[in-house]
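Asks: Next up is a structure, given as structure tokens.
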């Protein structure tokens, strides 16, 4: 955890040029035609980490017990996290649809940067600075 008490999901932004898919030497990554999400064929994944290195947000990560990369597949178009968020009345996640006029890649941030920015918004600059200096 980068900031105690602040834990947020770090999700794939489905970059328009999919650098992770293009970097995969084994062909384990593919693009889901229906959702635009990156699918992983774990039987082909060598866990080399090239997809992580080229991802602007460093979003793909190693499975904690198995030898393959993990990446959100959007639950085949019906993300359970969005459903849970709605049920809990947090209303912080929503489904958006791809637009040709938007570059999603520029929105991608590393998990650390995203967490620190969120901590500053939640805790305020003064407290965030104090927490981050520890």
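Asks: So residue 61 passes all but one of these: (1) closer than 22 Å to residue 117 by Cβ; (2) without any contact (Cβ under 8 Å) to a residue 24 or more places away in the chain; (3) out of contact with any strand residue (DSSP E or B) (no Cβ under 7 Å at 6 or more places or on another chain). Which condition number does it fail?
Replies: So the condition that residue 61 fails would be (3).
Asks: Against the definition (outside any loop (DSSP other than H, G, I, E, B) and either under 25 Å from residue 117 (Cα atoms) or in contact with a strand residue (DSSP E or B) (Cβ under 6 Å, 6 or more places away or on another chain) (or both)), how does residue 22 come out, yes or no?
Replies: No.
Asks: Can you pull out every residue in the range 5-20 that is touching a residue at least 24 places away in the same chain (Cβ under 8 Å) and within 15 Å of the chain's Cα centre (by Cα)?
Replies: Of everything in the range 5-20, those that are touching a residue at least 24 places away in the same chain (Cβ under 8 Å) and within 15 Å of the chain's Cα centre (by Cα) turn out to be 7, 8, 9, 10, 11, 12, 13, 14, 15, 16, 19, 20.
Asks: Looking only at the range 22-43, which residues are under 14 Å from residue 71 (Cα atoms) and either surrounded by fewer than 18 Cβ atoms within 10 Å (Cβ to Cβ) or in contact with a helix residue (DSSP H, G or I) (Cβ under 7 Å, 6 or more places away or on another chain) (or both)?
Replies: Within the range 22-43, 24, 29, 30, 31, 32, 35, 36, 37, 38, 39, 41, 42 meet the criteria.
Read-outs: derived from the displayed coordinates by stated rules, not from any lab. On a predicted model such as this, the values are computed, not experimentally measured, just so you know. Don't worry about glycine lacking a Cβ; one is built from the backbone with ideal geometry, like all the others, and counts go over all protein chains shown.
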